[in-house]
Amino acid sequence: MKKDHRKEVLALWKLRSKAEQKARKGGNTDPGLRAGVTSGRHLDPLSELVRSIFIDAGIPAENVYCGSKNLEIPGFYRPQKKWDVVVVHNGVLVAAVEFKSILGSYGNNMNNRTEESLGNAIDLLEAAEQGLIGTRPPWLGFVFFMQDDERSRKGGKNIKQPHFTIDPAFAGATYQGRAAIWLRRLLMKRLYNAAWYALVDPAQGVEGVREPDPDLSWAKFEAAIRGRVGEVLA
């Protein structure tokens, strides 16, 4: 099965932009990607793309959940969390995938997305250790998109360091660069098993969807999904 994943990304981005505009009119200044993902649609383009890989790899379609139903997984620090794609087969949590994005307000939103990704992973991993989600270790995927514009190609204003010096990796890094550092470290610390990172400039169509880090590409994300399914079904 071969698809141009950039088309699904672009389609989702357009839905996301419309949903954000609607949310902001309602007073929500940081609606996140879920505003587009759960705005009444059965399946958005990105959910369907990710879902199709699990099915093509061998998971029955009825065991791959996305859209709006059956997405809750127990946590340890809270009763449960609703993920964007959940795969459960024969009592095994094959995968839980989270989608996040940023269209603007990069400084505040980068901090929010970072904190969310850490909290969600830690919560679920601890739930697994406590035996709340079966006997096999969970597999977590993270998908992150950022608007490719002049602001995201720059860094924030001078970072305040009143007591200690920041990690040199972040010194002078653009917002786009910071995202790559963050996602790579989520994988390095094994909080997530796979991550996909894309930049989107909708004005350029599918050519405006690019992957700035080869280790955070769709190809590697898809390969990781297939590897997880193969391990579970073996």
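The values are calculated or read from the model by the stated rules, or taken from the named source; none is laboratory data. Since the structure is predicted, the reported quantities are computational estimates derived from the model, not experimental observations. Virtual Cβ from ideal backbone geometry, glycine too; neighbours counted across all protein chains shown.
Listed here are the residues, each with its yes/no results for (1) assigned to a helix (DSSP H, G or I); (2) surrounded by 14 or more Cβ atoms within 10 Å (Cβ to Cβ).
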position	(1), (2)
T114	yes, yes
A121	yes, yes
L124	yes, yes
D149	no, yes
R153	no, no
A179	yes, yes
W182	yes, yes
Q204	yes, no
E207	yes, no
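Condition first: farther than 30 Å from G91 by Cα and of a type in the set (A, V, I, L, M). Now tell me which residues in segment 122-180 satisfy that.
Initial filter on segment 122-180 (farther than 30 Å from G91 by Cα): 145-180.
Matches in segment 122-180: M146, I159, I166, A169, A171, A173, A179, A180.
Starting from segment 58-72, keep only residues that are within 13 Å of D44 (Cβ to Cβ) and part of a strand (DSSP E or B), then list their pairs with residues that are among the basic types (K, R) and modelled with pLDDT under 95 whose Cβ atoms are within a distance under 6 Å, requiring at least 6 positions of separation or different chains.
Close Cβ pairs satisfying both conditions: C66/R51.
For a quick check of your reading of the model, give me the residue pairs whose first member lies in segment 152-175 and is within 22 Å of I102 (Cβ to Cβ), whose second is of a type in the set (D, E, K, R) and modelled with pLDDT of 90 or more, with beta-carbon atoms closer than 6 Å and at least 6 apart or on different chains.
Sorted first by the residue in segment 152-175, then by its partner, the pairs are T174/R153.
Out of (1) closer than 19 Å to T135 by Cα; (2) surrounded by 20 or more Cβ atoms within 10 Å (Cβ to Cβ); (3) not polar (S, T, N, Q), the odd one out for R51 is which?
Of everything listed in (1) closer than 19 Å to T135 by Cα; (2) surrounded by 20 or more Cβ atoms within 10 Å (Cβ to Cβ); (3) not polar (S, T, N, Q), R51 misses just condition (1).
Looking at F76 and the list (1) modelled with pLDDT under 90; (2) aromatic (F, W, Y); (3) assigned to a loop (DSSP other than H, G, I, E, B), which single condition is not satisfied?
Just one mismatch for F76, condition (1).
Look at segment 127-147 and say how many of its residues are surrounded by 13 or more Cβ atoms within 10 Å (Cβ to Cβ) and assigned to a loop (DSSP other than H, G, I, E, B). Steps first, answer last, please.
Restricting attention to segment 127-147, the residues satisfying the condition of being surrounded by 13 or more Cβ atoms within 10 Å (Cβ to Cβ) are 127-128, 132-134, 136-147.
Next cut, assigned to a loop (DSSP other than H, G, I, E, B) only: 132-134, 136-139.
The total comes to 7.
Just to be sure I understand, how many residues within segment 184-202 are part of a strand (DSSP E or B) and either in contact with a Ser or Thr (Cβ under 6 Å, 6 or more places away or on another chain) or among the polar types (S, T, N, Q) (or both)?
Keep residues of segment 184-202 that are part of a strand (DSSP E or B), which gives 194-200.
Okay, now just the ones that are also either in contact with a Ser or Thr (Cβ under 6 Å, 6 or more places away or on another chain) or among the polar types (S, T, N, Q) (or both), so none.
Going through segment 184-202 one residue at a time, the tally reaches 0.
Applying the selection to segment 163-177, what residues are of a type in the set (G, A, S) and not in a helix (DSSP H, G or I)? First the steps, then the outcome.
Going through segment 163-177, the residues of a type in the set (G, A, S) turn out to be 169, 171-173, 177.
The answer is A171, G172, A173.
Any chance segment 227-234 includes a residue that's in a strand (DSSP E or B) and either charged (D, E, K, R) or within 29 Å of D149 (Cα to Cα) (or both)? Break it down stepwise before answering.
Going through segment 227-234, the residues in a strand (DSSP E or B) turn out to be none.
Among the residues of segment 227-234, not one is in a strand (DSSP E or B) and either charged (D, E, K, R) or within 29 Å of D149 (Cα to Cα) (or both), which makes the answer no.
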